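The structure under discussion appears below in the form of structure tokens.
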Amino acid sequence: MKTFKLLSIFLAALFFTIACEEAPQQEIDAANTALTDAKTAEAERYATSEFNMAKDTLNAALAEIEEQNAAFALTRSYDKAKQLLSSATTLAAQANEAAVANKEKVKAEVEMLMTEVKDEIANTQKLLKKAPKGKDGKMVLQAMTQELSTVEGSLGNVESLYNSGNYLSAKDNLMAAKQKVLSLQEELNTAISRKR
């Protein structure tokens, strides 16, 4: 009889524990904080795949929690959700680290590209002086000089982007500027070789 009474108390306590299992709010908060930190580090732009993986894992965990919340209390288990939340937190931290590293890498690339573009502008200006200045050539050279001035003027915008920490946009603008300058050089070299 005493054993039966103890068993009844144990089963009642077990039922109460299982029935009262709640969603892992602490783990949810930790994953959300890690994802917010990754966003602050601009992981969406500088570590896109890592950030998306963390976000997708968190969404999967939240979907699992919703599924368990809708389940019958005695069958409810948040173990899978806890594992997913732990993975999401880890992935978000990795995305944060990758974003910081990638941002520094892009920053260095922008600095190098800025020097390259300035050098190429100087080279193009030298070619403009060597280019044939015939009747038709004069108008073409004026147009090319104008295009080169526009590219040179765009470097101020690039510097603003760089100074504000928007390295990806600065890099994109520099790549376009470099392409334009190289295209002008190609036209000028063709004109100069024809003259010869």
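Given LEU155, LEU161, which one is more than 14 Å from GLN185 (Cα to Cα), touching a Phe, Trp or Tyr at 6+ places or on another chain (Cβ under 8 Å) and in the same structural domain as GLN179 (by TED's automatic domain parsing)?
LEU161
Just one of ARG76, ARG45 is surrounded by 12 or more Cβ atoms within 10 Å (Cβ to Cβ), basic (Lys, Arg) and in contact with an Asp or Glu (Cβ under 6 Å, 6 or more places away or on another chain); which is it?
The match here is ARG76.
If you check ASN69, ASN123, ASN96, which single one turns out to be surrounded by fewer than 19 Cβ atoms within 10 Å (Cβ to Cβ), in a helix (DSSP H, G or I) and not assigned by TED's automatic domain parsing to the domain that holds GLU147?
Sole residue among the options that is surrounded by fewer than 19 Cβ atoms within 10 Å (Cβ to Cβ), in a helix (DSSP H, G or I) and not assigned by TED's automatic domain parsing to the domain that holds GLU147: ASN69.
Could you list, ordered by first residue, the pairs with Cβ atoms under 7 Å in which the first is in region 55-74 and among the basic types (Lys, Arg) and the second is assigned to a helix (DSSP H, G or I) and surrounded by 12 or more Cβ atoms within 10 Å (Cβ to Cβ), at least 6 apart or interchain?
Qualifying pairs under 7 Å: LYS55/LEU35.
Suppose we filter region 156-174 for residues that are surrounded by 14 or more Cβ atoms within 10 Å (Cβ to Cβ), touching a helix residue (DSSP H, G or I) at 6+ places or on another chain (Cβ under 8 Å) and not charged (D, E, K, R); how many remain?
Selection size over region 156-174: 9.
For every residue, the table says whether it meets (1) loosely packed, with under 12 Cβ neighbours inside 10 Å; (2) assigned by TED's automatic domain parsing to the domain that holds GLU159; (3) not in a helix (DSSP H, G or I).
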residue	(1), (2), (3)
ALA34	no, no, no
SER49	yes, no, no
GLU64	no, no, no
SER87	no, no, no
VAL110	no, yes, no
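Hey, does region 155-174 have a residue that's over 27 Å from the mean Cα position of the chain (by Cα) and over 26 Å from LYS39 (Cβ atoms)?
For region 155-174, residues over 27 Å from the mean Cα position of the chain (by Cα) and over 26 Å from LYS39 (Cβ atoms): absent.
Among the residues of region 184-196, write down those that are among the polar types (S, T, N, Q) and surrounded by fewer than 13 Cβ atoms within 10 Å (Cβ to Cβ).
THR190, SER193
I'd like to verify a number: residues in region 141-196 that are free of Cβ contacts under 8 Å to residues at least 40 places away in the same chain, part of a helix (DSSP H, G or I) and not acidic (Asp, Glu), how many?
Matching residues across region 141-196 total 24.
When you look at VAL117, is it modelled with pLDDT of 95 or more and either assigned to a helix (DSSP H, G or I) or closer than 21 Å to GLN179 by Cβ (or both), yes or no?
yes
Residue by residue through region 128-184, note down the ones that are under 24 Å from ALA101 (Cβ atoms) and basic (Lys, Arg).
Listed by number, the list holds a single entry, LYS171.
If you go through region 2-49, how many residues are at pLDDT below 55, of a type in the set (A, V, I, L, M) and farther than 27 Å from ASN59 by Cα?
Here the count works out to 6.
The values are calculated or read from the model by the stated rules, or taken from the named source; none is laboratory data. Owing to the predicted nature of the structure, the values given are computational and were not obtained by experimental measurement. Note that each Cβ is placed from the backbone with ideal geometry, even for glycine, and that neighbours are counted across all protein chains shown.
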